[in-house]
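A short write-up of the structure that comes next.
Values in this text are rule-based calculations from the coordinates and carry no lab data. The shown structure was predicted, so the numbers you read here are calculated from the model rather than taken from an experiment. Cβ placement follows ideal geometry from the backbone for every residue including glycine, while neighbour counts extend to all protein chains displayed.
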Amino acid sequence: MPVPIIIDCDPGHDDALAIMLAAANPAVDLLAITTVAGNQTLEKTSLNARRVCTVAGITGVPIAAGCDRPLLQALAVASDVHGESGLDGPRFPEPTVDLVPEHAVELIHRILVNHPEPVTLVPTAPLTNIALLLTRHPDSAARIREIVLMGGSTERGNTTPAAEFNIHTDPEAAAIVFGSGVPVTMCGLNVTHQALATPEVLARFEALGTGLGDICVELLAYFASAYSRLWDMPHPPLHDPVAVARVIDPALVECVDANVTVELHGRYTRGATVVDFPRDPDRPTNAKVAMSLDARLFWDHMVDAVAALGSRPA
Ligand code: RIB
Ligand code: CA
């Protein structure tokens, strides 16, 4: 039986491919897409979610916009990584998929209480919507199967030396999620940097010979230029689809139990995920932390998803 999921995202180049993977892979049932401010403003991330669904032919999946700023601090978008549009690179047609009028938090809550089984939340963005869901609707927690998020790191950050972008953008929200008692799996930079979009990967998308395959090539080429310019990395890590891959097949992403604390007060470390791998089995743990990825199978799933979507009748 496919696992019911909701993606909460900030498209974003890697969010875009995470949506495609979730929409196409039969192991998951994408119930909704919700958007939040992060890589770009809420207006732009929401437009981008509509663009992705339009070019990928994803219909019948409600898209709802959520929070337009972090819980406490001001929003700082990542134009340097994702461009002014948040999805720079390809030219997109006018979207044919609209937003639903509900706020993302209300849509998620309504789905959680009505769906016949607990739902997995897959946040690939700052955790503002998820934190607000858990605080505004405490009854949600019992209806969440688990939260499999892209964010944090067991090593260095990418936004500051200590903090990864999704957690750094809204540390208070992340602290609420990790402290909620809901099962959390953290797919941090330490594992997403194993999902490198190499020229061989881009060639696989190009070889599909479909419009969607070509759009993915353009998205990844733009993403690669940003990673080369900003971090001198020859190939960009495709962060967000790793969280989806973990839900598709847990064997793809090996995890260990740990205790994750979000630093809120450090002058130089605010937004860091402090990951404690307890040696004492009786020490409390609050998360599974992803440590390794089967990159070959990951890319097989990613390319197969784009192939499946691209072959759908227009
Ligand atoms: O640090 C990488 C994360 O921040 C990804 O989710 C990317 O889309 C950005 O949101
Ligand atoms: Ca993202």
**Item:** Derived scalar couplings ³J(HN,Hα) [region 59-66; Karplus, 6.51 cos²θ - 1.76 cosθ + 1.60; whole Hz; x for Gly, Pro]
**Value:** 10, x, 10, x, 10, 10, 7, x
**Message:** How far apart, in nanometres, would the label points at residue 279 and residue 85 be if each is projected 7 angstrom from Cα along the Cα-to-Cβ direction?
**Reply:** 5.3 nm
**Asked** Where does the longest stretch of the chain lie that holds no trypsin sites (Lys or Arg not before Pro) found in a DSSP loop with 15 or fewer other Cβ atoms within 10 Å?
**Response** 157-266
**Request:** Mind pulling up the Rg/Rh value for region 122-250? Radius of gyration and Kirkwood radius, both on Cα.
**Result:** 1.03
**Request:** Assign one of three labels to region 68-141, namely rounded, prolate or oblate, based on the Cα gyration tensor with a ≥ b ≥ c the square roots of its eigenvalues; rounded applies when a/c is under 1.5, prolate when it is not and a/b is larger than b/c, and oblate otherwise.
**Result:** oblate
**Item:** Relative exposure of 154, 135, 35, judged by other C-beta atoms within 10 Å (fewest first)
**Value:** 135, 154, 35
**Asked** How do 53, 187 rank when sorted from fewest to most other Cβ atoms within 10 Å of their own Cβ?
**Response** 53, 187
**Request:** Please say if region 246-291 is rounded, prolate or oblate, where rounded means a/c under 1.5 for a ≥ b ≥ c the square roots of the C-alpha gyration tensor eigenvalues, and otherwise the choice is prolate for a/b larger than b/c and oblate otherwise?
**Result:** oblate
**Message:** Please list, in order along region 148-165, the HN-Hα scalar couplings obtained from phi with the Karplus expression 6.51 cos²θ - 1.76 cosθ + 1.60 (θ = phi - 60°), rounded to whole Hz, x for Gly and Pro.
**Reply:** 10, 10, 9, x, x, 5, 8, 10, 7, x, 10, 9, 10, x, 9, 10, 8, 4
**Asked** Once a ≥ b ≥ c are taken as the square roots of the eigenvalues of the Cα gyration tensor of the chain, is the result rounded (a/c under 1.5), prolate (a/b larger than b/c) or oblate (a/b not larger than b/c)?
**Response** rounded
**Complete:** Over the chain, the sum of -39500 (n - 2.57) across DSSP H runs of at least four, divided by residue number and rounded to 500 deg cm²/dmol, gives at 222 nm -11500 deg cm²/dmol
**Message:** Per 0.36 nm of contour for each residue apart, how much would the distance between residue 297 and residue 135 grow if the chain were fully extended, relative to their Cα-Cα spacing?
**Reply:** 54.6 nm
**Request:** Among DSSP beta bridges lying fully in the chain, give the percent that are antiparallel, nearest 5.
**Result:** 30 percent
**Prompt:** Applying the Karplus parametrisation 6.51 cos²θ - 1.76 cosθ + 1.60 with θ = phi - 60° to the phi angles of region 299-307, what ³J(HN,Hα) value in whole Hz is obtained for each residue in order, glycine and proline being reported as x?
**Reply:** 5, 4, 4, 5, 5, 4, 5, 5, 5
**Complete:** Simple spin-label estimate for residue 54/residue 206, 7 Å along Cα→Cβ, in nm, reads 2.7 nm
**Request:** Apply 1/(1 + (r/R0)^6) to the Cβ-Cβ distance of residue 269 and residue 100, taking R0 = 51 Å, and write down the FRET efficiency to the nearest 0.05.
**Result:** 0.85
**Message:** Just to verify a number: FRET efficiency for residue 72 and residue 257, C-beta to C-beta distance, R0 = 30 Å, to 0.05?
**Reply:** 0.50
**Complete:** From fewest to most C-beta neighbours within 10 Å, the residues 222, 268 line up as 268, 222
